[in-house]
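A short write-up of the structure that comes next.
The values are calculated or read from the model by the stated rules, or taken from the named source; none is laboratory data. Just so it is clear, the model here is predicted, and its values are computed rather than measured. Quick reminder, even Gly has a Cβ in these numbers, built from the backbone with ideal geometry, and neighbours come from all protein chains shown. Only protein heavy atoms, including side chains, enter the accessible area calculation; ligands, DNA and RNA are left aside. Shrake-Rupley method; radii C 1.70, N 1.55, O 1.52, S 1.80 Å.
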Amino acid sequence: MEANRPPNRPLRRLRRLRRSETIRAMVRETSLTPDKLILPQFVVDGEHRCESIEAMPGRSRLSIDETIAECRKAIDLGVRSFALFPALDPALKTSDAREALNEDNLLCRAVQAIKESCPSACVVTDIALDPYSDKGHDGLVDEHGVILNDETVDILAKMAVIHAKAGADMVAPSDMMDGRVAAIRNALDSAGFADTAILSYTAKYASAFYGPFRDALDSAPVEAPNVPGDKKTYQMDPGNAREAILEAMLDEAEGADILMVKPAMPYLDIIARLRDRTELPIAAYQVSGEYAMIKAAARNGWLDESECMVESLTSIARAGADIILTYAALDYATWWQKNRC
Ligand code: PBG
């Protein structure tokens, strides 16, 4: 048979399985379904409020009633998980971030309302002090400009219990203090919330891609004497990969249920490395700057928005993320319904 083969013809032609969309879909290794997505939402006080966010086209700060309407729309499209971030009245921001421990604060009211109106929703809350801090840092800042680790962790653990009481399905520490996962797990278990999961921001980098998010919440570190202008003493250095494994080992040992890498596309190698080292589910956060880049280029007519968004989310899943937080969750789910269902 070999002897009868025409000369110079390849035996193996990989193009055979690329001939039609039907075949391509059959052999596709990664297909991201909308139920893997978590939609982050910015919540403001008041009613019928919808304030667009300039650098995040298509996303807005919404009052609780409007947030619920958005959740309903998402659930209809197959996106059932939500990560909530409160955009607080500046008058409520203090140096001790005390509003974070108010059981009736904006975030707790939003969690309760969503769980009541949309019982199938999975609600994830952010555990960090920045929305409540007048300094714009994720932890307490002392008079020398040092972000205090253990004192902050005590507050974060209390915050987690308050969120669980309000009905959060998962709490997501995004602060990068050392030892916070263990402290949160202990606090939740002691308060009777053994079933509340911890989605840990395991490898969160000190990234410039968070810019639009900080604008949305007005939560950037403030310019003041003895207040660091960046988060580099607690968030990870972009040059480090092995350190992400150390963070993952600690979070796993401390009781995290899901490990997260953030940002996503500039850190696909980190997602892939963690995938090789843990059996826990891995989440990745396509952050505000990643979203803004694609939206902005598309608005200029330089990129095809939907194709690029789908490709970028698929690449994050292919790298090893089981779960993706993305502001484009509704765009993706709409595309999915049109093209894949
Ligand atoms: C803060 C927090 C940030 C984001 C999520 N939680 C910003 C920061 O660390 O300064 C960024 C998300 C995004 O850019 O979309 N705890």
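For the chain, the solvent-accessible area works out to 48 Å² per residue, with a probe of 1.4 Å and every protein chain left in place. Remark: spin-label model distance E54-A91 equals 2.5 nm, labels positioned 7 Å along the Cα→Cβ axis. Label-to-label distance, S31 versus R275, with points set 7 angstrom from Cα along the beta-carbon direction: 1.8 nm.
Rounded to the nearest 10 degrees, the angle from helix 106-117 to the longest Cα principal axis of the chain is 50 degrees.
Listed peptides 163-172, 146-155 appear in the order 163-172, 146-155 once ranked by packing, highest mean of other Cβ atoms within 10 Å at the front.
Holding the Cα-Cα limit at 26 Å, pick out from K36/K262; K36/K135; K295/K338; K36/K295; K165/K231; K73/K204 the pairs that are longer than that. Too far apart for the 26 Å limit: K36/K135; K165/K231; K73/K204. Per residue, the average separation of C-alpha pairs within less than 8 Å and at least 6 apart gives the chain a relative contact order of 17 percent. From most to least packed by mean Cβ count within 10 Å, the peptides 112-124, 181-193 give 181-193, 112-124.
With an 8 Å cut-off on Cα pairs and a minimum separation of 6 or more residues, tell me the relative contact order of region 17-149 in percent.
So the answer I get is 22 percent.
Estimated at 0.36 nm per residue, the fully extended path between M249 and S190 surpasses their Cα-Cα distance by 18.9 nm.
Checking every one of the trypsin sites (Lys or Arg not before Pro) in region 188-254 against DSSP loop status and a limit of 13 other Cβ atoms within 10 Å picks out K232. Charging the Cβ of each Asp and Glu at -1 and of each Lys and Arg at +1, and nothing else, the dipole of the chain about its Cα centre rounds to 2500 debye. Within the chain, DSSP assigns beta bridges of which about 10% are antiparallel (rounded to the nearest 5).
Measure off, as a whole percent, the carbon and sulfur share of the 1.4 Å-probe accessible area of the chain, all protein chains present.
Taking all protein chains in place, the chain shows 49 percent carbon and sulfur surface.
For the chain, the longest principal axis of the alpha carbon atoms and the long axis of helix 64-76 meet at an angle near 20°.
Using the Cβ-Cβ distance between D257 and K158 with R0 set to 25 Å, the FRET efficiency from 1/(1 + (r/R0)^6) comes to roughly 0.80.
With each label modelled as a point 7 angstrom along the Cα→C-beta vector, the R340-M293 pair spans 2.2 nm. In terms of the mean number of neighbouring beta-carbon atoms within 10 Å, the peptides 4-14, 84-94 order highest first as 84-94, 4-14. With Cα atoms defining each centre, region 9-50 and region 263-341 are spaced 9 Å apart in the structure.
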